[in-house]
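**Q** Encoded as structure tokens, here's the structure I'll be asking about.
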Amino acid sequence: MIFKDRIEAGNLLAAKLESYKTENAIIMAIPRGGVPIGYQVAEKLHLPLEVVLSKKIGHPLHKEFAIGAVTLKHKVLSDAASVVPSEYIEAETKKIRTLLTKRYQEYYGKKKPLQLKDKVLIVVDDGIATGNTILSTIEMLYDEKPKQIIVAIPVSSQNALQKLKNTPFIDDVICLKAPVNFRAVGQFYKNFDQVDDTEVKALLNKETVA
């Protein structure tokens, strides 16, 4: 299965999430690529849309390799962080929080994010390669004491999907495709243009709840 674009993937994902259509549910989109998909799901299911403002801490020698993740309130580190100097981690955390604060102001303005306690959180992204970053994000969402955490993605590597299914913080995983020949998320989309902050802001400011 090759998705035409994120809009088509979001619509297909929404059809699989009908059973989670409850007034207690919130769509939590991971920026930036997860936001167009999250918007489609939120619109189809008539649910509120929020963004998960988090960013991975990259390994000092290999920035794409996540050793943890940071939100404005929380930080989680993987086992790989144990061999990384604490000074580096603290400096990266400070830098990331400055970036997230700026992004929060751009996305939300004066609007306050929704309370997540006792809610059903449906975490949406456009695809998962390793799973490391989203797992760190999920752990931080779990600290908010939601009722349930559901992860919904159009495509994932088999290895990442197994990681998600094995974590105690996730109640259910909805994945449309987990191919054997997974190389990158973008290979499963005909149109995989980069999503910018302007598009994210526009989607967040659209009304998605009927």
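Coordinate-derived values only; no laboratory data. This one's a predicted model, so the numbers in the text were calculated from it and none came from an experiment. Note: ideal-geometry Cβ built from the backbone for every residue, glycine included; neighbour counts use all protein chains shown.
**Q** Between E90 and D172, what is 0.36 nm times their sequence separation minus the Cα-Cα distance? Round to one decimal in nm.
**A** 26.2 nm
**Q** Could you check the spin-label model distance between M1 and K73? Points 7 Å from the Cα along Cα→Cβ, value in nm.
**A** Using points 7 Å along Cα→Cβ, the separation is 3.4 nm.
**Q** Hey, which aspartates and glutamates would be in cross-link range of K177, C-alpha to C-alpha under 17 Å, not counting anything within fewer than 8 residues on its own chain?
**A** D5, E8, D125, D126
**Q** At a Förster distance of 30 Å, what's the computed FRET efficiency of A80 paired with A184, Cβ-Cβ distance as r, to 0.05?
**A** FRET efficiency, A80 to A184: 0.90.
**Q** Excluding residues on the same chain fewer than 8 positions from K145, give the aspartates and glutamates whose Cα lies under 15 Å from its Cα.
**A** D118, D171
**Q** I want to check the label-to-label distance for N11 and E144. Put each point 7 Å from Cα in the C-beta direction and report it in nm to one decimal.
**A** Distance between label points: 2.9 nm.
**Q** Using only the Cα atoms of the range 113-182, each taken as one equal point scatterer with no solvent, compute I(q) by the Debye sum, divide by I(0), and report log10 of the ratio at q = 0.17, 0.28 Å⁻¹.
**A** Here the Debye-derived log intensity ratios amount to -0.56, -1.31.
**Q** Translational diffusion coefficient, Stokes-Einstein: compute it for the chain using the Kirkwood radius over C-alpha pairs as Rh, at 37 °C and 0.692 mPa s, and state it as an integer in µm² s⁻¹.
**A** 189
**Q** Shifting gears a bit: Pairs K73/K206; K44/K206; K4/K44; K94/K117; K94/K206: which are spaced more than 22 Å apart, C-alpha to C-alpha?
**A** Long pairs (Cα-Cα over 22 Å): K73/K206; K94/K117; K94/K206.
**Q** Mind checking Rg over Rh on the range 1-114, alpha carbons, Kirkwood formula for Rh?
**A** With Rh from the inverse mean 1/r over Cα pairs, Rg/Rh is 1.05.
**Q** Identify which of D79, D118, D197 has the largest mean-square fluctuation in a Gaussian network model of the chain, with springs joining Cα atoms closer than 10 Å.
**A** Between D79, D118, D197, it is D79 that shows the largest mean-square fluctuation.
**Q** Springs between alpha-carbon atoms under 10 Å, Gaussian network over the chain: tell me which of Q194, Q158, Q148 tops the mean-square fluctuations.
**A** Evaluated over the chain, the most mobile residue of the options is Q194.
**Q** Evaluate the charge dipole of the range 6-200 about its Cα centre and quote only its size in Debye, nearest 20, assuming +1 on the Cβ of each Lys and Arg and -1 on the Cβ of each Asp and Glu.
**A** My answer is approximately 220 debye.
**Q** Using the basic label-point model (7 angstrom from Cα toward the beta carbon), what is the K21 to D193 distance in nanometres?
**A** Using points 7 Å along Cα→Cβ, the separation is 3.0 nm.
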